[in-house]
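Presented below is the structure to which this report refers.
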Amino acid sequence: MIILLSPAKTLDLASSFTEIPTEPCFAAEAGRIARAASKLKPAELSALMHISDSLAELNVKRFKTFGKAGTRPAIRTFAGDVYRGFDAASAEPEVIAYAQDHVRILSGLYGLLRPRDAIRPYRLEMGTRWAPRGGGRLVDYWGRKVARALLADLKDEGSGTLLNLASREYYAVVGPFVPKKVAVIAPDFRVRTARGLQFQSFTAKVARGALARFVCDERIDDPAALRDFDRDGWRFDAAGSTPATPLFVRG
């Protein structure tokens, strides 16, 4: 089973780590994109990604000094809700080693990452309506390249199962190229409230990370075993589930 995650906007650039970083498969491409992005004005980046002027200035500066910045493993750098759920800081080395073989992170700058792949600080979202070499969108720029790499990993891994825990924005880069023979499982997380089952973005993001960690902890290779996920109060709901969309409910 290959687990697909989105990256995070929030970065951890200070915590310690012991893993030896690995080389991203599209490291050279990331450098070319960073050089192209460094030519954008802060106001342009702000408009493209709907971010504040200060954030735009910070990230243009990051692109301009990209080659000089230090690197950290992706799983130790991304620090958003999904990665709080995964909680790499508490993971034993063998769990990170398993994740290296089974977790893939989509990225607007790096295309596709393994957990230990070395990355530099950046912010460039996959939905950005900009791309080097004549414009367009990053989704289109990366689409076939990332899909080929992901499908090669699926072939090497051997299960033919893709656990899609990425957001719609990020899955759009590979979704059109995933053949029907691949079993794509996209869990749904809902919270039980007085108004019925509700989708809560923050809660769902943390749950995606926790499920990814559960798979790595338990070395799960059988999709049926996903039903045993019971962390943080989540329970499998058989009545609301399909094989492609298992439902987990909390509360």
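The values are calculated or read from the model by the stated rules, or taken from the named source; none is laboratory data. Every value quoted in this text rests on a predicted model; they were computed, and no experiment measured them. Glycine also receives a Cβ, built like all others from the backbone with ideal geometry; neighbour counts cover every protein chain displayed.
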Item to complete: Determine which single condition Ala88 fails, assuming it passes every other condition in (1) surrounded by fewer than 24 Cβ atoms within 10 Å (Cβ to Cβ); (2) without any contact (Cβ under 8 Å) to a residue 60 or more places away in the chain.
Response: (1)
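Which is in contact with a helix residue (DSSP H, G or I) (Cβ under 7 Å, 6 or more places away or on another chain) and among the hydroxyl-bearing types (Ser, Thr, Tyr), of Ser38, Ser16? Write out each step before concluding.
Working: Ser16 fails: in contact with a helix residue (DSSP H, G or I) (Cβ under 7 Å, 6 or more places away or on another chain).
Only one candidate qualifies: Ser38.
Given the options Arg116, Arg120, name the one that is surrounded by fewer than 24 Cβ atoms within 10 Å (Cβ to Cβ) and in contact with an Asp or Glu (Cβ under 8 Å, 6 or more places away or on another chain). Show your work before the answer.
On the way: Arg120 fails: in contact with an Asp or Glu (Cβ under 8 Å, 6 or more places away or on another chain).
Just one listed residue meets the conditions, Arg116.
Just checking, which of Val173, Val184 is within 21 Å of Ala8 (Cβ to Cβ) and in contact with a helix residue (DSSP H, G or I) (Cβ under 9 Å, 6 or more places away or on another chain)? If you could, list the steps in order and put the result at the bottom.
Details: Val184 fails: within 21 Å of Ala8 (Cβ to Cβ).
Only one candidate qualifies: Val173.
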Practice prompt. Among the residues of the range 160-179, write down those that are of a type outside the set (A, V, I, L, M), under 20 Å from Ala99 (Cβ atoms) and touching a residue at least 24 places away in the same chain (Cβ under 8 Å).
Written response: Thr161, Asn164, Ser167, Tyr170, Tyr171
Worksheet item: Of all residues in the range 32-82, how many are over 18 Å from Asp117 (Cα atoms) and either assigned to a helix (DSSP H, G or I) or among the small types (Gly, Ala, Ser) (or both)?
Response: 26
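Which residue, of Val215, Val173, Val206, is surrounded by 18 or more Cβ atoms within 10 Å (Cβ to Cβ), in a helix (DSSP H, G or I) and in contact with a Gly (Cβ under 8 Å, 6 or more places away or on another chain)?
Numbers: Val215 fails: in contact with a Gly (Cβ under 8 Å, 6 or more places away or on another chain); Val173 fails: in a helix (DSSP H, G or I).
Unique residue meeting the criteria: Val206.
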Fill in: Identity of the residue in the range 180-203, touching a residue at least 12 places away in the same chain (Cβ under 8 Å) and over 12 Å from Val249 (Cβ atoms), that ends up surrounded by the most Cβ atoms within 10 Å (Cβ to Cβ)
Ile185
Worksheet item: Yes or no: Pro121 modelled with pLDDT of 95 or more, part of a loop (DSSP other than H, G, I, E, B), over 13 Å from the mean Cα position of the chain (by Cα) and under 23 Å from Pro21 (Cβ atoms)?
Response: yes
Practice prompt. Could you tell me whether any residue of the range 131-149 is at pLDDT 95 or above, assigned to a strand (DSSP E or B) and more than 13 Å from the chain's Cα centre (by Cα)?
Written response: no
Worksheet item: Somewhere in the range 131-144, is a residue surrounded by fewer than 19 Cβ atoms within 10 Å (Cβ to Cβ) and closer than 16 Å to Val215 by Cα?
Response: no
Practice prompt. Among the residues of the range 90-142, write down those that are over 22 Å from Lys68 (Cα atoms) and aliphatic (A, V, I, L, M).
Written response: Ala91, Val95, Ile96, Ala97, Ala99, Val103, Ile105, Leu106, Met126, Ala131, Leu138, Val139
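Could you say which residue among Glu125, Glu157 is surrounded by 15 or more Cβ atoms within 10 Å (Cβ to Cβ), in contact with a Lys or Arg (Cβ under 9 Å, 6 or more places away or on another chain) and of a type in the set (Asp, Glu)? First the steps, then the outcome.
Numbers: Glu157 fails: in contact with a Lys or Arg (Cβ under 9 Å, 6 or more places away or on another chain).
Criteria check complete, one pass: Glu125.
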Discussion item. Please count how many residues of the range 91-113 are touching a residue at least 12 places away in the same chain (Cβ under 8 Å), part of a helix (DSSP H, G or I) and surrounded by fewer than 21 Cβ atoms within 10 Å (Cβ to Cβ).
Written reply: 6
Fill in: Positions within the range 1-49 being closer than 29 Å to Val178 by Cβ, surrounded by fewer than 16 Cβ atoms within 10 Å (Cβ to Cβ) and among the acidic types (Asp, Glu), in sequence order
Glu23
